[in-house]
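Bear in mind that the values in this text are calculations on the coordinates, not laboratory data. The shown structure was predicted, so the numbers you read here are calculated from the model rather than taken from an experiment. Glycine also receives a Cβ, built like all others from the backbone with ideal geometry; neighbour counts cover every protein chain displayed.
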Amino acid sequence: MQYIPPSNLRGANLAPLLAARGLDPDWIQLHDFDPHSPQNVARYTYAHNAAKIPFHYRSAVPSLPQLRTWIDTLVTAALENQAERGAPIASVIHGPSLLLLGVTGVGKTYEAYGAMRELSVSGVSGEWAVTTAADLYAALRPRHGVDSEAEFRKYRNARLLLIDDLGAERKPTEFTEEINFRLINHRYEHHLPTLMTSNVEPKDLAARLGDRVISRLAEMCERIPMKGHDRRRNAA
Ligand SMILES: Nc1ncnc2c1ncn2[C@@H]1O[C@H](COP(=O)(O)OP(=O)(O)O)[C@@H](O)[C@H]1O
Ligand SMILES: [Mg+2]
């Protein structure tokens, strides 16, 4: 892992994320020239993941207790794995998944990017792949000169994956169903931590995603219903 010297992260709103991990705001700035120190792992991981966060959510801080528990679980598993293997750094490998459910505007995407940011500064390495389900289908549409299978594997094999707005397409097609199934099935079989959001009502989920996907989701992830109103309308 490359050594990242401490830099000015004041604009990044990291203090509440570090506080949630029980860490001092200056913790991440330790300049020890050690590429394997948890502080350097945090700087490196944060830099890589922050580049994937849309501007609007760049300073998101999660508030759902279930997200905090999920992050704790992943960090603990990574540290145990590191101890077992005598590895120089701790990395997220296996873990449970989460599905955030709620109407448009309750804050699902905000919470998801907040969780991504908090896990990034925990001192445990874990690179995220992020996509909306709609962008994923568009990226994987078979077309000339593009290896969509290679593209698919990037998401399928990602250490951590955020799939935003799962099931949002009005009419599932055979193509979108197949992508959902192959993606979820792989992540289910390999216990790869996946954070999903959906604004589909729980009673409609099976119809949108298909029984094969729903059955795997039921086993691999906890459903977190988010209550509230559309925050965007309030802001406007
Ligand atoms: N906890 C929060 N604190 C501040 N702003 C929030 C919070 N949760 C959501 N928002 C804002 O509310 C709006 C809707 O949130 P978003 O996560 O995009 O909704 P959803 O993904 O559920 O449709 C966004 O502008 C977002 O930045
Ligand atoms: Mg959203």
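Is the stretch 24-81 best put as rounded, prolate or oblate by its Cα gyration tensor, with a ≥ b ≥ c the root eigenvalues, rounded for a/c under 1.5, and otherwise prolate when a/b is larger than b/c, oblate when not? It is oblate, given that a/c is not under 1.5 and a/b is not larger than b/c. For the chain, leaving out every one of the GluC sites (Glu not before Pro) that falls in a DSSP loop and has at most 16 other Cβ atoms within 10 Å, the longest unbroken run is 1-126. Taking a ≥ b ≥ c as the square roots of the eigenvalues of the Cα gyration tensor, the stretch 137-216 is classed as oblate, since a/c reaches at least 1.5 and a/b does not exceed b/c.
Counting only Cβ charges, +1 for Lys and Arg and -1 for Asp and Glu, the dipole size of the chain around its Cα centre is about 580 debye.
The slack in the chain from Arg223 to Thr104, taken as 0.36 nm per residue of separation less the alpha-carbon distance, amounts to 41.2 nm.
Couplings 3J(HN,Hα) of the stretch 54-66, computed from phi: x, 3, 4, 10, 5, 10, 4, 10, x, 10, 6, x, 5 Hz, in residue order, whole Hz [Karplus 6.51 cos²θ - 1.76 cosθ + 1.60, θ = phi - 60°; x for Gly and Pro].
In this rough spin-label picture, where each label sits 7 Å from Cα along the Cβ direction, the His48-Thr132 distance is 2.7 nm. Here the gap between Phe181 and Asn8, fully extended at 0.36 nm per residue and compared with their Cα-Cα distance, gives a gain of 58.0 nm. What the phi angles of the stretch 184-195 give under the Karplus curve with 6.51, -1.76 and 1.60, with θ = phi - 60°, is a coupling list of 5, 4, 5, 5, 5, 5, 9, 6, 8, x, 9, 10 Hz, glycine and proline written as x. Applying 1/(1 + (r/R0)^6) with r as the Cβ-Cβ distance of Ala19 and Thr69 and R0 = 22 angstrom yields a FRET efficiency of 0.85. Distance from the alpha carbon centroid of the stretch 204-233 to that of the stretch 1-50 works out to 33 angstrom.
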